[in-house]
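The structure appears below as C-alpha cells.
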Amino acid sequence: MDAFRPKYKEATSLPIKVAFSESTYEPLPYGLIVLAEGLDPTLDIVAVHGLNGHHEKTWTTNNVNWLRDLLPSDIPNARILSWGYDANTHSTYQISGQYLYDHAKTLVSDLCLKRGLTKALIHSEAARRGALEEHRSIKLSTYGILFMGTPHQGGSGVHLGELMLKVASIFMTADDKILKHLERDSEWLQQQLGQYAPISNDFVTKFAYEMFPTRIALGKEIMVVPQASAVVPGATNAEPVAIPADHLNMVKFASRQNGGYEKVSGHLQLLAEEAPEAIGARWEEQDRIRKAQANVKEDFTVPFSLSGIPEAENFVGRKQELAKIKDEFQGDGSQRTVVLLHGLGGIGKTQLAVTFVKEHRDTYSAIFWLNGKNEDTLKQSFAVMANRLYKEYPYSALLRTAAEAKDVDQTVGIIRQWLSAKENHRWMLVFDNIDNPKLPGNEDPQAYDVRLYFPEAHQGSILITTRSSRLKIGKVVSVQKLVDIRESIAILTSMSGRVNLDRGIHIVVLVQGFYN
C-alpha cells in the first residue's frame, strides 16, 4: 500500500502479492495498468498476480473484477493498479531465479515511472547509487503487503519444489523438466525467504491462506497452500488471514457479501487508514537523517504573507513608536521577547503592527498573524497557520497531523510544539485584538488568557495589540494620539491626495484644533 508523500505526491504502495491463480496460456499484457484512479488519492494499491496469472483474469469472476468494481468504493482515496508480467510456466527455460529477479526489478522500475518518484529520490541517502535508489524509495514508501496463498515454504515434510509443482499442476500438465527447474530454483527462493524475515518489521504483512481443499485431476482434492506454508517463519509485524475458499477462488470475489472479500477489503481498509501517516513519518525521519549526515540545520522559513489582514495603503507617522518596538525586539529570538501595543480603539495599533512586520520581515524566519478577537477566532487562526505551514513543509508528519486534525485544540497544541523546536526561534507571532483578557475582576465568560497560546519553549518574538490598560505582558508600548502636527498633516496629505497642505494656514489651524 502506497501512501502518497506530500508535496511530491509520491505513493506509498501496498503491493498485494498474489502468488498463483488460474488462466489459460495466451499472450499476456505486461506492465502497470490503472484499474481505479481514486478520489484525490493518497495511496496506491498494487496487485501482482502469480504463475500463469493475468493482470485482469486473476481478479475476475462472473465479469466482476473486485479490484476495479468493488474495492474503490471501500477505499476511495486509493489509486488501484494491477501489474502484469510474463508468468508463463510452459516455457521451462524461463523458470529460473534470475528470471524472477528480473521481474522484481521491472516491477520496481514500473512503480517509479508510474508514481513519479524522481524528486523523491533526492531525499534518499542512496541518491547517487544508480538503480539502488529506486529500490530504496519503493521500500521506504511501502507500508503493507498482503500475500494471497503464496507458498513461502513446504509443509508436512513436503519440499518447496514439490509444493510448487502441486500448484503448477492445477493449471497445466507438468513434466520432469518443470519439476527439475522448480526443485533447482527452490533453493534460490529459500534464500529470498531468508532475506525477507529480517526486514519484515518494516512492513505490516498479512499472510492469507485457503480454508478449503482444491479439486485436481482424478477427483482428488489437496490443500495447495495451507497456513503452515503461507506464513514466512520469523516474520514480525505479521498476521495470518484465513480465506473461506479454495486456492483457485481465494482471489476471486463476485460481490461484497463474499466472505473472502469482506476479510480482504477489511484488512486493506485498515492498512489504507494507517499508511499515509506512517509513511509520512518515515520520510520525515529519512529527511532528518539526511540533514544530520550533511550537517544541515532544519529549515523553518515561511514566506512572508499578510493575506486577509486589512492594512492602510499609505501608513505615515508613528516613527517613534516603530523605533521603540524595534528597540524592544533586540536579539535573535533565542530568548522570548513579548511587546504589547496598548491604546484606545481606532488609535492605529493594528496598522502600527502591520507596518512594523512589513518593515522587518527579513529579520524573522516566519511571521504569523493571529486574530484574538475571541478565543474561537484565535483557534481558527491557528488552524489557518497549520494549513499554511503544511503547504510549505508537506513532508512533515507533525504538520500534516496539525492541518488534518479534527480537533482544533489538537492543532493548537501541535503548532505550539512546532514553534518550540530547538532551532526554531526566529519567528514572530502577532496576537491582534486581545481586548478581553482574563484578569482578576473580569467575569466575562468569553475572556481568556492569551498566554495559554504561547509556545512552551521560552523563545521567539511575540507582538500583542490590546485596548486593555490592565493587561501587562512583556514590554508595553503605549500608542497615543499623534503629538506631531507634521505627522497629522502627512496623514491628511496621504488620504486626500493633495500636496503642499503644510503651506496652508487653514490646514494648520484645523489640525491644531484636534490637539486642543
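The values are calculated or read from the model by the stated rules, or taken from the named source; none is laboratory data. Computed from a predicted structure; not experimentally measured. Ideal geometry is used to build each Cβ from the backbone, glycine not excepted, and the neighbour counts take in all protein chains shown. The protein model used for the area step is the full one, side chains on, heavy atoms only, and it has no ligands, DNA or RNA in it. Shrake-Rupley method; radii C 1.70, N 1.55, O 1.52, S 1.80 Å.
Can you name the residue in region 450-473 that is closer than 15 Å to G413 by Cα and not aromatic (F, W, Y) and, of all such residues, is most open to solvent (accessible area, probe 1.4 Å)? Break it down into steps so the answer makes sense when it comes.
Pass one, region 450-473, residues closer than 15 Å to G413 by Cα: 450-457.
Checking the rest, the ones that are also not aromatic (F, W, Y) come to 450-452, 455-457.
Values: V450: 4, R451: 135, L452: 110, P455: 4, E456: 156, A457: 23 Å².
My answer is E456.
Return yes or no: is F368 under 25 Å from D449 (Cα atoms), within 35 Å of the chain's Cα centre (by Cα), at pLDDT 95 or above and part of a helix (DSSP H, G or I)? Reasoning before the result, please.
Working: under 25 Å from D449 (Cα atoms): yes; within 35 Å of the chain's Cα centre (by Cα): yes; at pLDDT 95 or above: yes; part of a helix (DSSP H, G or I): no.
When the stated conditions are applied, F368 does not pass them.
How many residues are more than 25 Å from I464 (Cα to Cα) and among the β-branched types (V, I, T) when one looks only at region 364-415?
Count: 1.
What about F382, is it crowded, with 20+ Cβ neighbours inside 10 Å, over 26 Å from the mean Cα position of the chain (by Cα), in a helix (DSSP H, G or I) and not basic (K, R)?
Details: crowded, with 20+ Cβ neighbours inside 10 Å: yes; over 26 Å from the mean Cα position of the chain (by Cα): no; in a helix (DSSP H, G or I): yes; not basic (K, R): yes.
So F382 does not fit the description; no.
Specify the residue that is farthest from the chain's Cα centre (by Cα); the eligible residues are those in region 299-330 that are at pLDDT below 75 and loosely packed, with under 14 Cβ neighbours inside 10 Å. Let's see the steps before the verdict.
At the first step, the residues of region 299-330 found to be at pLDDT below 75 are 308, 310-317.
Now drop any that are not loosely packed, with under 14 Cβ neighbours inside 10 Å, which leaves 308, 310-311, 313-314.
Numbers: G308: 27, P310: 33, E311: 35, E313: 39, N314: 42 Å.
The residue in question is N314.
From the set of residues in region 208-236 that are closer than 19 Å to L146 by Cβ and out of contact with any strand residue (DSSP E or B) (no Cβ under 9 Å at 6 or more places or on another chain), which is surrounded by the fewest Cβ atoms within 10 Å (Cβ to Cβ)?
If we filter region 208-236 for residues that are closer than 19 Å to L146 by Cβ, which is where we start, we get 208-211, 224-236.
Now drop any that are not out of contact with any strand residue (DSSP E or B) (no Cβ under 9 Å at 6 or more places or on another chain), which leaves 233-234.
Numbers: P233: 10, G234: 12.
Only one residue fits best here, namely P233.
Would you point out which residue out of E37, E10 is modelled with pLDDT under 70 and either of a type outside the set (S, T, Y) or out of contact with any Asp or Glu (no Cβ under 6 Å at 6 or more places or on another chain) (or both)? If you could, list the steps in order and put the result at the bottom.
Numbers: E37 fails: modelled with pLDDT under 70.
Matching residue, one of E37, E10: E10.
Take T350 and tell me if it is among the hydroxyl-bearing types (S, T, Y) and either at pLDDT below 85 or closer than 25 Å to N436 by Cα (or both). Reasoning before the result, please.
Numbers: among the hydroxyl-bearing types (S, T, Y): yes; either at pLDDT below 85 or closer than 25 Å to N436 by Cα (or both): yes.
Yes: the conditions hold for T350.
When region 386-406 is examined, which residues are found to be of a type outside the set (A, V, I, L, M) and surrounded by 17 or more Cβ atoms within 10 Å (Cβ to Cβ)? Before you say what the answer is, go through the steps one by one.
First pass over region 386-406, keeping only residues of a type outside the set (A, V, I, L, M): 387-388, 390-396, 400-401, 404, 406.
Listed by number, the residues that qualify are R388, Y390, Y393, P394, Y395, S396, R400, T401.
Which ones in region 331-372 are open to solvent by less than 70 Å² (accessible area, probe 1.4 Å) and free of Cβ contacts under 8 Å to residues at least 12 places away in the same chain? Reasoning before the result, please.
To start, the set of residues in region 331-372 that are open to solvent by less than 70 Å² (accessible area, probe 1.4 Å) comprises 331, 333-334, 336-343, 345, 347-357, 360, 364-372.
Listed by number, the list holds a single entry, G331.
Does G53 satisfy being surrounded by fewer than 22 Cβ atoms within 10 Å (Cβ to Cβ) and more than 19 Å from K263 (Cα to Cα)?
Working: surrounded by fewer than 22 Cβ atoms within 10 Å (Cβ to Cβ): no; more than 19 Å from K263 (Cα to Cα): yes.
Here the answer is no, as G53 does not meet what is asked.
What residue, of D409, D444, D376, is more than 30 Å from R282 (Cβ to Cβ), open to solvent by 30 Å² or more (accessible area, probe 1.4 Å) and part of a helix (DSSP H, G or I)? Break it down stepwise before answering.
Details: D409 fails: more than 30 Å from R282 (Cβ to Cβ); D444 fails: part of a helix (DSSP H, G or I).
Unique residue meeting the criteria: D376.
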